[in-house]
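The values are calculated or read from the model by the stated rules, or taken from the named source; none is laboratory data. Fair warning: this is a prediction, and the values are worked out from it, not measured in the lab. As a convention, Cβ positions derive from the backbone with ideal geometry for all residues, glycine included, and neighbour counts pool all protein chains shown.
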């Protein structure tokens with residue numbers, strides 16, 4: 001019987017393997033599209049804050065304003081590095097750490113509401129702009145100072161360390177949304193097979209335990 005289970009496990013593992021390959025390609029595509037999106041969104045948000053804080057900007061000296069703009073341009077130039085650092089986290093992607101305990105709606109999009117696990121990561125990427133806004137005395141708090149009358153551009157995850165976080169409504173690019181939808185399709189099919197594999201492995205353990213028991 002154990003040999004039969006081994007055959008079934010091997011068959012199921014070969015069945016789920018192509019899903020991992022497709023999901024990895026989707027992950028890489030998502031990173032590529034997020035780099036484009038974040039680079040454009042940094043510019044958009046910066047202009048929004050200049051416009052709605054016109055008095056503050058007009059009171060800034062030319063040298064200060066040039067320094068701020070230079071830092072924002074530098075941030076935009078580093079979008080790829082920042083995006084990869086955040087989105088290469090294996091905890092964000094089921095296929096990099098497959099298990100049967102993840103919620104089935106983990107990557108589900110509802111209307112324009114993106115899955116929390118990826119939405120938080122994208123917000124973290126955008127949140128780095130807040131460090132520059134805070135440095136140049138816009139009413140933004142990125143380093144956990146919640147006592148001031150400022151917008152809170154940070155979150156404190158379970159690790160306890162403060163993380164930059166864009167707090168306002170925004171809309172992902174169409175490409176990012178489509179990739180996530182497809183990742184969710186692959187995820188639901190892959191996790192179903194993965195659960196079958198786990199059940200087969202559990203059954204094998206039980207049979208081995210009983211066989212050992214009976215041998216004494």
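Table: residues versus (1) over 17 Å from the mean Cα position of the chain (by Cα); (2) modelled with pLDDT of 90 or more; (3) under 27 Å from residue 95 (Cα atoms).
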| site | (1), (2), (3) |
| --- | --- |
| 137 | yes, yes, no |
| 149 | yes, no, no |
| 165 | no, yes, yes |
| 169 | no, yes, no |
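In the range 163-185, the residues that are on the phi < 0 side of the Ramachandran plot and touching a residue at least 60 places away in the same chain (Cβ under 8 Å) form no Cβ pair under 6 Å with any partner that is loosely packed, with under 15 Cβ neighbours inside 10 Å and not in a helix (DSSP H, G or I), whether six or more places apart or across chains.
Condition check ((1) touching a residue at least 12 places away in the same chain (Cβ under 8 Å); (2) over 30 Å from residue 100 (Cα atoms)) across all residues:
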position	(1), (2)
4	no, no
24	yes, no
35	yes, yes
44	no, yes
53	yes, yes
71	yes, yes
75	yes, yes
79	yes, yes
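So that you can scan it fast, the table gives a plain yes or no per residue for (1) surrounded by 15 or more Cβ atoms within 10 Å (Cβ to Cβ); (2) in contact with a strand residue (DSSP E or B) (Cβ under 8 Å, 6 or more places away or on another chain); (3) outside any helix (DSSP H, G or I); (4) modelled with pLDDT under 95:
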| residue | (1), (2), (3), (4) |
| --- | --- |
| 118 | yes, no, no, no |
| 127 | yes, yes, no, no |
| 130 | yes, yes, no, no |
| 144 | no, yes, yes, yes |
| 160 | no, no, yes, yes |
| 213 | no, no, no, yes |
